[in-house]
Amino acid sequence: MGAPSPAIENFIHTSIITDETVFKEYVEDARKHPDELDIKNAQEFAVKMIKKIYS
């Protein structure tokens, strides 16, 4: 997961999460990404795919 661009935030706000309180919570959380866990998960996924390709 990564932090959405302003255009994506606007789309999400106007089309998906229209409630102001819920959207504010979403944005606060989304802007914290990618975090260490996201990076770790991406690395593990990449290793898994590379192993799958070469096995």
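The values are calculated or read from the model by the stated rules, or taken from the named source; none is laboratory data. As the structure is a prediction and not an experimental result, all values here were calculated from the model. Reconstructed Cβ throughout: ideal geometry from the backbone, glycine too, with neighbour counts over all protein chains shown.
Values computed for the structure shown
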{"quantity": "For Asp35: the one exception among (1) within 12 Å of the chain's Cα centre (by Cα); (2) surrounded by 12 or more Cβ atoms within 10 Å (Cβ to Cβ); (3) not hydrophobic (A, V, I, L, M, F, W, C)", "calculated": "(2)"}
{"quantity": "Enumeration of residues in the range 18-31 that are under 11 Å from the mean Cα position of the chain (by Cα) and assigned to a loop (DSSP other than H, G, I, E, B)", "calculated": "Arg31"}
{"quantity": "Test: residue in the range 5-17 that is modelled with pLDDT of 95 or more, surrounded by 10 or more Cβ atoms within 10 Å (Cβ to Cβ) and not in a helix (DSSP H, G or I)", "calculated": "yes"}
{"quantity": "Tabulated pairs, the range 32-55, first at positive phi and assigned to a helix (DSSP H, G or I), second surrounded by 10 or more Cβ atoms within 10 Å (Cβ to Cβ) and hydroxyl-bearing (Ser, Thr, Tyr), C-beta under 8 angstrom, 6+ apart or interchain", "calculated": "none"}
